[in-house]
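Written below as structure tokens is the structure these notes are about.
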Amino acid sequence: MRPDAEALIDGAVRLTHAQLAGRIARTATHLRASGIDTGQLIGVALGDHAAHVIVMLALARIGAVLLPLDHRWTTGEQERVAMHFGAACVLVETGHTIAGTRNLAIDQDWLRATEAAVPDPVIAPGGDAPLLVSLSSGTTGRPKGPRISHAHFLARFRTHWINLGLVPDDCFVCATPLYFGAGRTFVWSTLYAGGKVVLAPPPFDPPALLDTLAREHASTLFLVPTQLRRLLVEYDYARADASAEESASAHAAPSAFASLASLAPLLRLRLLFSSGAPLVRDERLAIRARLNPRFCEYYASTEGGGVTLLTAADIDAHADSVGRAVHGVEVQVVDEAHQVLPPGQVGRLRYRSPGCATGFYLDDAASTDAFHDGWFYPGDLARLDADGFLTLAGRAKDMIIRGGINIYPQEIEAVLRAHPAVYDAAVTGIASVDQGEEIAAFVVFKPGASPPQADALRAWCSERLAPYKQPRLVEVLDTLPRNSSGKVLKAALAERVKSISYPAERRMDRP
């Protein structure tokens, strides 16, 4: 489309679309010469750099099927997933070895050899041919990988262009791992549209991110909720620092930002958006007010791609929801018999679209459970209002049943996160002889904040929640355990309650 326009920036590496296309073609040819061919399942365990992007697109070009493996996993985790899915080969970094399968090191010698390759003119046909097996449940238990085709991704790209407005003039900054579905997908769709991608991978460094946004004149940025919460905390510190300077008093926790004015690159973005885990009302309002007035939330899944969008204009009236269905997606809330529920009732969420997978790779049992009559059931509980706005009520498997009453952890988490000293929170059920399940809450306090006393946090909950929804146990943690996609590992939290005795000052028990 625009061969001379910049396409991919990774530090000192700056490639135009013409240069990127040439590297992808030569890399595809060299991959074939290295023994990789159409239809093979190929693990990709590479770092967050330009070669990773090029290799993924080269594999797609020759019709190989990608199996993303997080390079941050232990070797054992990578081996278990590669062996489970039967990867023919795993592409690895220099000096890294994954037992049980063939390894191909994408080192400097291999990359230099690609420059001598004569591009193969044969390009995979695309369409319904498989493109990706992307993990949807981490590395514990039995991993599930939805089968996603070239046609599925093209349908998802259309949603990005129509609903998010990604265009050839965009400069998208990727601040999440390339292993992560959202980071990978938005990189691909921006490049496919003719735009520019700048890699700014973890670890998350707010000042460095702001510098990148300003230097590259970024227009679009995707962040997961944990990153946005970090920015909100830094904003509060910067504002407090400014107030302290005016009053000639010191602030206990200086911000990473030089000043509130340094946030200008964020404010100038055409689009700041988030996905991966739901935000709560106060967070949505605060992000739009403090970080970017055009902020929107994009509810999506590995299996289905984009599902709903909450635009900046809709936040005031629907700040509890994740928006309405995006282009080409049909959304319903049903009961256990798959019957559509009236507006406002909580039930099982399901959706279908041209971008949605139709099953899991090598897992007929899981496919039968999650896919029914052309619909995908992500395991979320939700309700739809009469105007089509979707509000999530939590994961079906996370729902707590206390004394026969259904309790949705997300509601309690929202109340805890609204406390001015709380940075993050997660709620799970724990076994109870009397009630079947009791409510355990895990909180992380903001750096530098004065933690509330146990009675104060209980009072906060009692003012906002019915007695049966109030946590019976609160554990204070330094951080919440998360998987590579940033989702909280609630099973690990429940296990902590059973197996770890915390010091008294780190635990807040209810009578």
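The values are calculated or read from the model by the stated rules, or taken from the named source; none is laboratory data. Predicted model, so just to flag it, every value in this text is computed and none were measured. With ideal geometry, Cβ positions are generated from the backbone for all residues, glycine too; neighbour counts draw on all protein chains shown. To get the accessible areas, we keep the full protein, side chains included, count just its heavy atoms, and leave off ligands, DNA and RNA. Shrake-Rupley method; radii C 1.70, N 1.55, O 1.52, S 1.80 Å.
Things worth noting here:
- Within the stretch 196-245, tally of residues that are of a type outside the set (Gly, Ala, Ser) and over 19 Å from LEU178 (Cα atoms): 18
- Condition met for GLU413 (touching a strand residue (DSSP E or B) at 6+ places or on another chain (Cβ under 9 Å), in a helix (DSSP H, G or I) and charged (D, E, K, R)): yes
- Output for the stretch 282-291, where each listed residue is crowded, with 23+ Cβ neighbours inside 10 Å and outside any helix (DSSP H, G or I): none
- Any hit, the stretch 38-47, residues being β-branched (Val, Ile, Thr), modelled with pLDDT of 95 or more and within 23 Å of ALA129 (Cα to Cα): yes
- Test result for ARG395, open to solvent by less than 40 Å² (accessible area, probe 1.4 Å) and either within 23 Å of the chain's Cα centre (by Cα) or not aromatic (Phe, Trp, Tyr) (or both): no
- Among (1) without any contact (Cβ under 8 Å) to a residue 24 or more places away in the chain; (2) farther than 23 Å from PRO278 by Cα; (3) crowded, with 19+ Cβ neighbours inside 10 Å, the one test that PHE360 misses: (1)
- For GLU438: the one exception among (1) in contact (Cβ under 8 Å) with a residue 24 or more places away in the chain; (2) open to solvent by less than 20 Å² (accessible area, probe 1.4 Å); (3) farther than 24 Å from ASP282 by Cα; (4) not aromatic (Phe, Trp, Tyr): (2)
- If only residues of the stretch 207-250 that are touching a Phe, Trp or Tyr at 6+ places or on another chain (Cβ under 7 Å) and either at pLDDT 90 or above or under 24 Å from ALA7 (Cβ atoms) (or both) are counted, the one that is most open to solvent (accessible area, probe 1.4 Å) is PRO207.
- Test: residue in the stretch 304-312 that is over 19 Å from the mean Cα position of the chain (by Cα) and surrounded by fewer than 21 Cβ atoms within 10 Å (Cβ to Cβ): yes
- Candidate set from the stretch 319-338 (those that are open to solvent by less than 40 Å² (accessible area, probe 1.4 Å) and either of a type outside the set (Gly, Ala, Ser) or part of a strand (DSSP E or B) (or both)); member that is nearest to HIS152 (Cα to Cα): VAL329
- Qualifying residues in the stretch 384-403 (those that are at pLDDT 95 or above and of a type in the set (D, E, K, R)) - the one farthest from ARG281 (Cα to Cα): ASP387
- Close pairs from the stretch 331-355: first modelled with pLDDT under 95, partner open to solvent by 50 Å² or more (accessible area, probe 1.4 Å) and among the hydroxyl-bearing types (Ser, Thr, Tyr), Cβ under 8 Å, at least 6 apart: VAL346/TYR408
- Residue in the stretch 182-193 that is among the aliphatic types (A, V, I, L, M), surrounded by 20 or more Cβ atoms within 10 Å (Cβ to Cβ) and under 20 Å from GLU216 (Cα atoms) present: yes
- Residue in the stretch 133-152 that is touching a Ser or Thr at 6+ places or on another chain (Cβ under 8 Å), modelled with pLDDT of 95 or more and farther than 19 Å from ILE62 by Cα present: no
- Which listed residue, of ALA12, ALA58, is out of contact with any strand residue (DSSP E or B) (no Cβ under 9 Å at 6 or more places or on another chain) and open to solvent by 10 Å² or more (accessible area, probe 1.4 Å): ALA12
- Residue within the stretch 421-437 that is more than 25 Å from GLU303 (Cα to Cα) and among the aromatic types (Phe, Trp, Tyr) present: yes
- Here the strands (runs of 3 or more DSSP E) wholly within the stretch 104-188 that include at least 1 residues being among the charged types (D, E, K, R) are 147-149.
- Cβ-Cβ under 7 Å pairs, at least 6 apart or on other chains, the stretch 55-78 side in contact (Cβ under 8 Å) with a residue 12 or more places away in the chain, far side of a type in the set (Phe, Trp, Tyr) and open to solvent by less than 10 Å² (accessible area, probe 1.4 Å): LEU67/PHE85
- When residues in the stretch 292-303 are screened for being surrounded by 23 or more Cβ atoms within 10 Å (Cβ to Cβ), part of a loop (DSSP other than H, G, I, E, B) and modelled with pLDDT under 95, 1 of them pass.
- Applying the criterion of being within 21 Å of GLY276 (Cβ to Cβ) and open to solvent by 60 Å² or more (accessible area, probe 1.4 Å) to the residues of the stretch 441-488, the residue that is modelled with the lowest pLDDT is LYS487.
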